[in-house]
Amino acid sequence: MSGLLDALLLSAGYNAALVAIGAALLGFAAGAAGTFLFLRKRALVSDAVAHATLPGVALAFIAMVAAGASGRDLLGLLAGSALSATLGLLAVGWITRTTRLSEDAAIGAVLSVFFGFGVVLLTVIQTMSAGRQAGLESFLLGSTAGMLFADAAVIAVGGAMTVAATYLLRRPMTVVAFDPDYARAAGYDVARIDLAMMGLVMAVTVIGLKVVGLILIVAMLIIPAVTGRFWTERSEHVLWIASLTGAASGYVGAAISATAPALPTGPIIVLVATGFFVVSLFLAPVRGVAAALVRHRRFQHRVHLRQGLLALARAEPIHDRFTLATLARAGLIRPDGVATEAGRAQAAKAARDEHRWDAARRIHQDTALTGRYDGLTPIEAVFTADEIAEFDRLIEGPRIVAASEPVGAR
Amino acid sequence: MTHPALELAARDGRHISGADLADSPLAVRGLTVSYGQKPAVFSLDATFPAEAMSAIVGPNGAGKSTMLKAALGIVPRLSGEVTVFGRPVEKARDRIAYVPQRASVDWDFPTTAIDVVLMGLYRDLSLLGWVRTRHIEAARAALDRVGMADFAGRQIGQLSGGQQQRVFLARALAQNADLYLLDEPFAGVDAATERAIIDVLKSLKAERRSVIAVHHDLATVPDYFDHVLLINVRRIAEGPVADVFTAENLQATYGGRLATAHLGQLVPASAPRTT
């Protein structure tokens, strides 16, 4: 445990600290770029892009070995992956444009073909005698064990550049994601902005290959964005929350991975991000599951209270246990089911409001006003005092509930 | 140097003076748009007058929205020229504000009413620039003008259809444009919103701006608009409402889809009402 604490405090050694910072920057960039991917509803395209990197990595390795190098130069491998990812992206676009296939079919085709080809190439590489092929498969799930300073620097610089580019493009990308027709009319070059967005996604994918791996990088693009969506109704805030939870996931995940080098880094980072997601799913105000549950209970309570009061006013028996409990808790009926003083007064008011609504519908033909009758909205919130006085004249004043008969069913 | 549209018009033998075209907030010549092999708009000519309210009227599928979208470059043109105040539309974007059909966006998008209006001001901001107080004030003023100031912080999906339409209009107002193009602004909105929107549009006209709207409610055309373009894939008629909005032209536009008795009610019998 103290090992993890050391890693979190960046005191587990120079290399581990470097990796943690690099992973945090990568997470920040992935959260930022992923927000726009999520808003534009192109999440699956990034999965195709990620899987399309594999043949590029393998071919770059083969090319470097053929040129007499060890084949482990990270920049070279990333350049190869970027190239084949671009091909994959273009292939998805081309298939969607020129055939009748929908985008999801195109994504499925490109993803499996590129990934399959990549796996075949990896198998070929295993049989090669030259080069240091061990560890190439770590690009699948990510590994920070034995990462070099140069590798970490590449990740950090690439992440920082992606963040800067995302920041510059955030407004055009927001307009295009929200309302592409309007954006086009306003003179935004929608195709180029979309291309730039996919470029950012590709940059995150490529620089994330070493840390998170190509299979799970899509999770780092999407999970922080949907986490942010739970907490706010503003895209700018989604962007910040996604970036920060992405960074935190990268940092904590890399620290945990530093203490357990046998585990692949990618899945750990993704699990940390999922932790943020699950917490948000349940606890976020307004959009979270718990908040929705509370809101539903409150609404149910209001409905039962209102129904109970109207039943009291009409001296009808109440059979619903929940209604009885609600009335009793509010002090409107006694335990034996007889209405209290307060209960009779409120029941009278509820009944009077119903009559007022009836009168309102007779007087006002404007459905915009009377249409707001839902049984729960107080009439005072819709009509002015003098209008209500007019209704009262029509309904001959408030009515009082009859004597104290018990209303609970026995 | 003459504009290609002018040459085209001259070759066709139509007599359109350069002054007309230069003044017109939106002029299209020979516009054809097609989805697949079927033209949605065919060889359409139209010259909308400046500082007026114009309607584009026609049956469903007549290419009303398509024509507007093609003029703005939202859908590609197969042929034709589009000029805005005498210049190619691409060079006059900053003078145009567009209010798309309400159905075109995702209502669960994380954005509030004021955020949407601020999008109308993004073009004034450099990539690095911040949204400043004056931008927020301009956005609030635009929301206030459509009666939505109290809903500035509301997520866009939590507004009623009419309120959403007002927010879209406010976004266009914030752009402070010379030409307002609206696609079915009154579709699916409540009566109060329709009144609010038409008041704003009339005030735009009073400010000497031009308004062009795709419109589907024949009954309100004489009340709301000065100029009308009747289309059904091709142009049927175009001109001042008093001259063009006749039973004969409507029958030609809608074919058998309008009952004659219905037509009689729509078109003012003698002198058209003035707005």
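Take A:Thr166 and tell me if it is assigned by TED's automatic domain parsing to the domain that holds A:His51 and assigned to a helix (DSSP H, G or I).
It is true that A:Thr166 is assigned by TED's automatic domain parsing to the domain that holds A:His51 and assigned to a helix (DSSP H, G or I).
Considering only the stretch B:80-107, state which residues are open to solvent by 30 Å² or more (accessible area, probe 1.4 Å), under 24 Å from B:Gly188 (Cα atoms) and more than 7 Å from every other protein chain (Cβ to nearest Cβ).
B:Gln101, B:Arg102, B:Ala103, B:Asp106, B:Trp107
Please specify each residue of the stretch B:108-126 satisfying the condition of being under 25 Å from B:Ser160 (Cβ atoms), at the interface with another protein chain (Cβ under 8 Å from one of its Cβ atoms) and assigned to a helix (DSSP H, G or I).
B:Asp115, B:Val116, B:Met119
Residue check, A:Ser143 against (1) in a helix (DSSP H, G or I); (2) under 27 Å from the mean Cα position of the chain (by Cα), all met but one. Which one?
(1)
Restricting to the stretch A:98-137, name every residue that is part of a helix (DSSP H, G or I), in contact (Cβ under 8 Å) with a residue 60 or more places away in the chain and open to solvent by less than 30 Å² (accessible area, probe 1.4 Å).
Result: A:Ile107, A:Val110, A:Gly118, A:Leu121, A:Leu122, A:Ile125.
Only one residue in A:Val157, A:Val176 is more than 9 Å from chain B (Cβ to nearest Cβ), surrounded by 23 or more Cβ atoms within 10 Å (Cβ to Cβ) and either assigned to a helix (DSSP H, G or I) or within 20 Å of the chain's Cα centre (by Cα) (or both), so which one is that?
Of A:Val157, A:Val176, the one residue that is more than 9 Å from chain B (Cβ to nearest Cβ), surrounded by 23 or more Cβ atoms within 10 Å (Cβ to Cβ) and either assigned to a helix (DSSP H, G or I) or within 20 Å of the chain's Cα centre (by Cα) (or both) is A:Val176.
Tell me yes or no: at least one residue of the stretch A:79-97 is out of contact with any Leu (no Cβ under 8 Å at 6 or more places or on another chain), of a type in the set (Ser, Thr, Tyr) and part of a helix (DSSP H, G or I).
yes
Restricting to helices (runs of 4 or more DSSP H) lying wholly in the stretch A:1-60: which have 1 or more residues that are farther than 29 Å from A:Val226 by Cα and in contact (Cβ under 8 Å) with a residue 40 or more places away in the chain?
A:2-8, A:14-39
Report, ordered by the first and then the second residue, all pairs with beta carbons closer than 7 Å, sequence separation of six or more or different chains, a first member in the stretch A:268-297 that is farther than 21 Å from A:Ala247 by Cα and touching a residue at least 12 places away in the same chain (Cβ under 8 Å), and a second member that is of a type outside the set (Lys, Arg) and in a helix (DSSP H, G or I).
A:Pro285/A:Ala291; A:Arg287/A:Phe230; A:Gly288/A:Phe230; A:Gly288/A:Ser280; A:Gly288/A:Leu281; A:Gly288/A:Phe282
Going by the structure shown, is A:Val204 touching an Asp or Glu at 6+ places or on another chain (Cβ under 7 Å), closer than 19 Å to A:Val45 by Cβ and away from chain B (no Cβ under 14 Å)?
So A:Val204 does not fit the description; no.
Which residues, taken from the stretch B:217-241, are open to solvent by 20 Å² or more (accessible area, probe 1.4 Å) and assigned to a loop (DSSP other than H, G, I, E, B)?
If the condition is that a residue be open to solvent by 20 Å² or more (accessible area, probe 1.4 Å) and assigned to a loop (DSSP other than H, G, I, E, B), then B:Asp217, B:Asp226, B:Val233 are the ones that fit.
Any residue that is at pLDDT below 95, crowded, with 17+ Cβ neighbours inside 10 Å and within 14 Å of the chain's Cα centre (by Cα) - is there at least one of those in the stretch B:30-45?
no
Among the residues of the stretch A:366-395, what is the count of those that are part of a loop (DSSP other than H, G, I, E, B), modelled with pLDDT of 65 or more and touching a helix residue (DSSP H, G or I) at 6+ places or on another chain (Cβ under 9 Å)?
Residues that pass the stated criteria total 7.
The values are calculated or read from the model by the stated rules, or taken from the named source; none is laboratory data. From a predicted model like this one, the values you see are computed outputs, not experimental measurements. Note: ideal-geometry Cβ built from the backbone for every residue, glycine included; neighbour counts use all protein chains shown. Remember, those area values only see protein heavy atoms, side chains included, never the ligands or the DNA or RNA. Shrake-Rupley method; radii C 1.70, N 1.55, O 1.52, S 1.80 Å.
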